[in-house]
Structure formats: C-alpha cells, structure tokens
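Notes follow the structure.
The values are calculated or read from the model by the stated rules, or taken from the named source; none is laboratory data. Since we're looking at a predicted model, the values are computed, not measured. Ideal geometry is used to build each Cβ from the backbone, glycine not excepted, and the neighbour counts take in all protein chains shown. Areas reflect the complete protein model, heavy atoms only, side chains present, ligands, DNA and RNA absent. Shrake-Rupley method; radii C 1.70, N 1.55, O 1.52, S 1.80 Å.
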Amino acid sequence: MTLIVDPSQYRPSDTGEARPMLSRDADSMFWMGRYVERAEHVARLLRVHLMLLTDVGDLTPVLEHQMWLTILSSMRAGKEPEGSDPVSVRISRYMTFDPSNPSSIVSCIARARENARAIRESISSEMWECLNGVYLWITGEEAGARFEESPDQFYAHIMNSSMLFQGLTDQTLAHDQRWYFTQIAKYLERIDVTARVIETRFDVLSKMGAQLDQPIRNIHLMGVLRSCCSLESYRRQHLADLEGQRIAEYLILQKDYPRSIRFCVEQLHRATAGVRISNGQHVPSAPERIFGRLEAQLEYASIDEILAEGLNEYLTRIEQATSEGSAALQKSYFLY
Amino acid sequence: MFEQYHVGNVFDEMFIEPGKPRRHYAPIVQRLSDMDIDAFERRRRMADVLFRNQGITFTVYSDKRGVEKIFPFDLVPRIIPADEWELLERGLTQRITALNLFCQDIYHEQRILREKIIDPYLIYAAKSFRREMIGVHVPKNVYIHICGTDLVRGIDGKYYVLEDNGRTPSGVSYVLENRAVMKRVFPAVFNQYRVRAIEDYPYNLLHTMRYVAPVHAIDPTCVILTPGIYNSAYFEHTFLARQMGVDLVEGQDLVVENGFVYMRTTAGLRRVDVIYRRLDDDFLDPLCFREDSVLGVAGLMNAYRVGNVALVNAVGTGVADDKAIYPFVPDMIRFYLSQEPILENVPTYICAREEDRKYVLENLDKLVVKSTNESGGYGMLMGHQATESQREEFREKILKEPRDFIAQPVVELSQHPSFCDGTNVISGDGSRCFEGRRVDLRPYILYGEKVIVMPGGLTRVALRRGSLVVNSSQGGGSKDTWVLEDEEQS
C-alpha cells in the first residue's frame, strides 16, 4: 500500500517528513502522555513517603501531618480530605482512589485512557492494551484488596505500568510528530513535578532545621532523591555524600540524567524542533524558542548563583518559562 | 457435550436430528465432544478477557453515563459450506447492483415510477428520501458502496433477505475481531477446516473509497468521519481507521473553504477527498439538514454536490433500504437487470396499500409489525407474543399513519448451538450445556470497481431462549462465521 497523501497538497518525504496529524489527535496525544507521567509521579511520591515514614520511626504528630501535606502541595491536589481515619490513610486513599480528586492515580489513568481512546487509531495496539490493562486493574473489584495487602507493591505496579507504556511508546510508534508530542508531554510533566518536589521538601527541611539530627536528616534527603527516582544515580556521581546543595544541583543541573530539569528541558527543545521540522518549516517555532532559551540558561547556570537568587525564586522562573512554552505549543498546534 | 442437545422443530444449522450433525459440522462436533466442559469454559473466559483487554466494546446508554460492554461472543462457529455461499454471493451481488441502479434512477429519471412499478407516494413519503440529491451526480454512479444485508433462514432452511442496510451498516469490526480471537482461543479447531480468509477487508474498503475519489485527487486523502467517542460504534470507527491507516476525524476537525473540504492538522489545513462517514444524513451538514447538528460540517453538502469530495455511502441511500420500499427489491431486479431474483424476500404487507392493511389489521396476532422509520429492533410488534392492549395500540398507529408500517409473517429463524454457562448465555434449567439459539447472518458487500462480498459475515445470536431478536442493543451476541473453501477446487 502506498501512503495516503495528496502530492499536490503535501510534499512526501525525501527528508523523512511525517504525515501531518490532526490537531485534535496531537492534543489528545499530549494529554495522554502527561497523565501517564503524572500517575507515575503520584505513585512514586506515595510509595517513597510510606517507606520514609517506616524508616524514620515515630514522628511527632505535627511533623507527620506536615510531611503528608507536602504530597498534596507537590501535586497541587488542593485541600486535605476530611474524615476520622489517620492522616496517612486519608491522604494515600485520596491520592490513589478518589475519582473526585483530579490528581488521584485513578483519575490520571482514567483520563490518560480517555485520551488514548480518542486517538485509538493513532497509537499502537500495544500502547492501548497496556493503558487499558492498568485501567482495568485499578478500577477492578480486586484493586482495593491489593492495595490493603501491600501499598508498596500496588504503587510499584502503577510505576512499572507507566515505564512499560513509555517503553512501548518508544518501540512501537514511529518517531514522528505523534511521538514528539508524547515526549513533550512527558518532560513538561516531569519538570513540573520535580520542581515542586524540590520546593516543598527543601522548604520543610529548612523549617525543621535544628530539630533534625543527622541520621534523620539523611533519610529525608534520600527521600527527596527517591521521589525524583534519582538516589542511585546520585550516589554514583557523588558517593553516599548526602548534602542539600549538591542534591539540588543534581536535580536541577545534572547534564545526562533523565530526571534532572536540565535534561528535560533539552529534550523539550529537541522535540519541539522535531515537530517543526516534520512540518517542513525552517524558522524555529514559538515553543521551540522558549525551550531553547531555557536550555541555554540552564547550561550556563551554577548552583551558587541559584542559591544566591533563592532556590524557590529560581524554580518559579523555570516553571513560568515552561508554562509559557506549553501555552505556545497549544496555540501553535492544538487550537488551530 | 451434545447428548442432551434438543433440536426442536426449527431449522438447526448443526444437526439434522439429535446426534446426527450435518456433514460440514461433523469434525467440530467430534472435537467438542472429545473436550470436557471445564476446558471449554476456560476457553470462553479467555476469549472474554481478550475482548476486554483490547477494549473491544460498545457503549450502552442505560443511565446517564454510557457503560462500556463487551459484545457477548459465542465460541462455537457458524459454518457455511462453499456451495451455499456461492449462491449467497451471487444473490447479494445481484441485489446491491439493483439497489445502486435504483438510487441512480430515483434521483434522476425516475423510470421505475413512470413505469408504475413503485407508487410515487411511497417514495415521496419516505423520510429517508432526500430531495437535495435530485439531479446530483455522484462519482461513478455508486450510491451504496458498503452494504450489510441481513439474511435469515426459515424452517425450510432457505435463506431470505430480511433487510438491506445501505446507510451505515455496522458490525464488520466484530467480524474481524471475532476471527482473530477465535484463532487464538481455538487454533486446533480452526486448522481442521479450510476457512476462507476475511482479513483483506480493510484493504478492499480502502480501494472502494479511492475508486470514487474526485478526479483531481491523484493520491486521494481518505478519512473516516465519526460522531465521536460517545457513539456506540466508536470502537468500530477507530478499528477501521487503524486497519486502513487513515485519519479518524470528527466534524470539528473538518472545515469547508471555497467548496473544498479540509482537515485541521498541526501543519495547517489539508484537503480531504473521500469521507467514509459514520454519521446519518440528518447530521451531516447543519446548513442543509438538521441545523442543530454539531456533529457535522457546515458546507459539506455544497462541496459534495460540486464533486470536490466523495461521501461513502452517498447521501439519500436510505430510500433504498426503507422498509416500505424493501418489498419492491425483487421488482427492481427484474426491472433494471432483467433477471429473476436469486435471493427471496420475506413476504411483506405494506400498510399503505388498502388490501394489505385490511389483512394486517385482521391478523395482527400472527404478524410482526415494523415501523418503517426505526431500526435496531425498536418500534416492533411481535403479534403472537404481544398483549391485547399492545396490539390495540399498534392498530391505532397503523390507521393513523399507514405509510409508517409494514407487516411480515413471523420467520422462525434457524437455530445454532450456543454454550450456556450462566454468564453470557443462560440455559433453561441453569446448567452448563449446549442449547439452540436463533441466529441471523449479516454479510458485508463492497461496491467499488467490482463487487466484493466478504466471505463470512456477522452471525448474530439471540442469547435468550426462544427469542427472535438478535440486535446487540436488545441483548444479542455474535459468532465467528466460517465460509469453507470449495473442496473440488483445492
């Protein structure tokens, strides 16, 4: 079968150009990618948190409460849910199963699947079956019992499903526009969560400051790295030397690590350029310019300057730039 | 497994009499008899899981939120021998040819009306007759590109045409998916037979679409137009788009400019040449038909009329599958083709005719009354099962709007063994066993450069005992349908 394109309308690809895709498909592709990544982050945050609480042992109720609230603020999940259960039960259930909470894992997966269903013909069967499978798994009758039995295993399954989905995306989809949009979605979401994890966790840590002795402090710092899936690679870089400034530097500026903000921005720049090139355009697009500038900024930044400016202020600036880039992307491609 | 099977007094597809299968069913009966019932049930569950994981579902609107359900799949295949199929193929080809000539005639010269074969009143009173199409040239004079004809078998074992679905027949995706699942669940049984392949349907469909592309489109862009994710047949729309590799668009993705249709892409507007629309005429273009439609595309009909875009199927084909026009299809075949019909119709009484109406009203308790404006098993009276007040209600309706009704004698559909295990199919006494359930057959016919009848089709099953209604909206299931290769040729 030959490609179904009209040569008078479209120049087929001696440069490897992709077929143009429907704006609505691009939009759904983007949101599918974001929600899958978001579900993974929520699962990881909760999993790390439960582990952390076991490690640090008894905390004062106030401190424990405060720790749980960082989960809500990291995911911008609104107010603390009410009820008579202990805070850990309330928040982990709320962030896992509550369909009325748009940040809960169930909501993220349902929305990712809704978007995938709307572009069922654009994605591979493997991707669809993976997403549909995890949806049936988490909405099925046994989900509650599985969760009760081992929250750790439960969250691990969600994370693995997301990883599997990303692997399938890379290996079963042509690396054309469709794929670029999934990449943009993934890295935008990752920057968003990573920046907020750094903000909220360092905020709590600095407030607690003197109250914490060294072992507990280390456990908390490990928690920050784990929340960003970065503990092992950090150790390889800096040995087991846990130090706040280095950790912040690693998570923001590390060159080759796929969880650092700098790496994500590089990928955003590359993917937006990919979209533009596959449309046969020669001038950098609006989102591409934004991400390109941000990439240069991060490349030449140093942690001392960042700390001098203020960690939160710096991260807020990055978040602003990425949301501008995201808006430019929607304007250029989705809202035709 | 078939020891207790009850053949009864209708035509049974599998058994001539208890314990004596028809020749083409003998190998599978042997195979199933060697299998224990638990093993069979495990396979049935496996099939269900495959359907669910793949999201092969349709949406039912029982409450405000649509619920996704899998289409119940009945594991025992229906088998059609080569000689029987050969007859069906010829009959269906003849029928779609006549129906296309009829559409062409009715929107142009209307010879069939002038020669008084069909009463003009029946045409002009049909809601599906589109005045907007009079005098419009459609590419290659093809109106019905895709047809899904419903066939049933009577007590005599003869095939009858119950309905020609010439608008947007659905179900073909289930035919292909049923086959794929069957091959995975029952590979050994499948390999015992030489079953004709159906997997090239998407390829043929794409060619049928390209055949009617406007002449200016050298390499035409084909798309499928869907009402959207909440439509009950949405799975099928995505399935066909995926299988053909074309884009699946919604009304909001298309725009008409200077008489051409374009789709909105990330690289700007792209011209669209052929649209396989899974949207009723009524919703296609708010400027031409229902103005409250948000599913369609404003200006689409103008682009269509000037020939800048092709629609598959054409607008106005509903007139050919209107239930009050259906009784005339054999006459059409004689009139346009000078041939005798190969497939027979079910005898039909047209309530708009005085003598027919009189007979219908006198025999309401023996007939099936159907509304000419509804489909999918809605708006029907099964006279022999209805209560006195239901019959009274229909009597009044018929007297008020005779054109809206036809009546047919009850066709005792043929039956086929179905596996009952309490989930999909419930047996009469609650046990796990095979029981006969009524079936029909919907083959799919493509009319492009040549007529292609897909060797197979959708066998729909009424899962309730004794029920004659096979529609999926009324609790029907489906079977894989095997058409066998001709043994002498192979």
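Per the Cα gyration tensor, chain A maps to an equivalent ellipsoid with semi-axes of 36, 26, 16 Å, ordered largest to smallest. Shown here for region A:248-328: chymotrypsin sites (Phe, Trp or Tyr not before Pro) in loop regions (DSSP other than H, G, I, E, B) with at most 13 other Cβ atoms within 10 Å, namely A:Tyr300. Note: relative contact order over chain A, using C-alpha pairs below 8 Å and six or more positions apart, is 22 percent. Residues of region B:1-29 with an amide N closer than 18 Å to a point placed 7 Å from the Cα of B:Met35 along the Cα-to-Cβ direction: B:1-5, B:14-15, B:21-22, B:24-29. Can you give the longest stretch of chain A with no exposed loop site, where a site means trypsin sites (Lys or Arg not before Pro) in a DSSP loop (not H, G, I, E or B) with at most 16 other C-beta atoms within 10 Å? Here the longest run is A:80-254. In order along region A:134-139, phi translates into HN-Hα couplings of 5, 5, 5, 5, 7, 9 Hz, rounded to whole numbers, per the Karplus curve 6.51 cos²θ - 1.76 cosθ + 1.60 with θ = phi - 60° and x for Gly and Pro.
With N set to the number of residues, divide the alpha-carbon radius of gyration of region B:131-234 by 2.2 N^0.38 Å and report two decimals.
For region B:131-234, the normalised Cα radius of gyration is 1.42.
Remark: mean inter-chain Cβ contacts per residue of A:117-126 equal 5, using a 10 Å Cβ-Cβ cutoff to other protein chain atoms.
One equal scatterer on each Cα of region B:347-409, no solvent, Debye formula: the resulting log10 I(q)/I(0) at q = 0.17 Å⁻¹ is -0.46. For region A:51-177, the Cα-based Rg and Dmax, in that order, read 16.9, 53 Å. Over region A:21-173, calculate the relative contact order: mean separation of alpha carbon pairs under 8 Å at least 6 apart, over the residue count, as a percent. Value for region A:21-173: 33 percent. Between B:Val76 and B:Phe419, the built amide H atoms are under 5 Å apart, and every one of these is 5 or more places off in sequence or on another chain. With Cα atoms as the point set, region A:16-95 shows a radius of gyration and Dmax of 18.2, 61 Å. Over all pairs of different C-alpha atoms in region A:175-336, the reciprocal of the mean inverse distance, the Kirkwood hydrodynamic radius, equals 16.7 Å. Note on B:Lys370: aspartates and glutamates with a C-alpha under 12 Å away, same-chain residues under 8 apart excluded, are B:Glu163, B:Asp322, B:Asp404. Using all pairs of distinct alpha-carbon atoms, the Kirkwood hydrodynamic radius of region B:1-155 works out to 21.0 angstrom.
With each label modelled as a point 7 angstrom along the Cα→C-beta vector, the A:Val89-B:Arg23 pair spans 7.1 nm. Residues in chain B average 41 Å² of solvent-accessible surface per residue, probe 1.4 Å, ligands and nucleic acids excluded. Relative protection proxy for A:150-158, B:364-372, from highest mean packing down: B:364-372, A:150-158 (other beta-carbon atoms within 10 angstrom).
Here, P(r) means the percent of Cα pairs in each 10 Å bin from 0 to the largest distance; for the protein assembly as shown it is 2, 11, 19, 20, 17, 13, 9, 5, 2, 0, 0. Applying 1/(1 + (r/R0)^6) with r as the Cβ-Cβ distance of A:Val62 and A:Asp241 and R0 = 22 angstrom yields a FRET efficiency of 0.15.
Under a model in which nothing but the beta-carbon of Lys, Arg (+1) and Asp, Glu (-1) is charged, chain B shows a dipole of about 620 debye around its Cα centre. Remark: the A:Gln153-A:Gln320 segment gains 56.6 nm on full extension, using 0.36 nm per residue and subtracting the alpha carbon distance.
Placing dummy labels 7 Å off each Cα toward the beta-carbon, the span from B:Lys400 to A:Tyr300 is 8.2 nm.
Restricting to DSSP loop positions (anything but H, G, I, E, B) with no more than 16 other Cβ atoms inside 10 Å of their own Cβ, which trypsin sites (Lys or Arg not before Pro) remain in region B:32-134?
B:Lys64, B:Arg65, B:Lys116, B:Lys127
In whole percent, and with a 1.4 Å probe on the protein chains, what portion of the accessible area of chain B is carbon and sulfur? Summing carbon and sulfur atoms, their accessible area is 48 percent of the total for chain B. Loop-located GluC sites (Glu not before Pro) in region B:106-171 (DSSP state not H, G, I, E or B) with no more than 16 neighbouring Cβ atoms inside 10 Å: B:Glu109, B:Glu115.
Residue-wise HN-Hα couplings along region A:275-281, as the Karplus relation 6.51 cos²θ - 1.76 cosθ + 1.60 with θ = phi - 60° gives them from phi, are 4, 4, 5, 5, 8, x, 9 Hz; Gly and Pro carry x.
Computed with a 1.4 Å probe over protein heavy atoms only, the accessible surface of region A:287-336 comes to 53 Å² per residue. The lysines whose alpha-carbon is closer than 16 Å to the alpha-carbon of B:Lys479, local same-chain residues fewer than 8 away aside, are B:Lys183. Taking the helices alone, chain B has a mean residue ellipticity at 222 nm of -8500 deg cm²/dmol, built from -39,500 (n - 2.57) per DSSP H run of at least 4 residues and averaged over all its residues.
For chain B, relative contact order (Cα pairs under 8 Å, six or more residues apart, normalised by length) works out to 23 percent.
In chain A, the longest principal axis of the Cα atoms and the axis of helix A:286-299 are about 40 degrees apart.
Bridgeable lysines around A:Lys255 (alpha carbons under 20 Å apart, same-chain partners fewer than 8 residues away excluded): A:Lys186.
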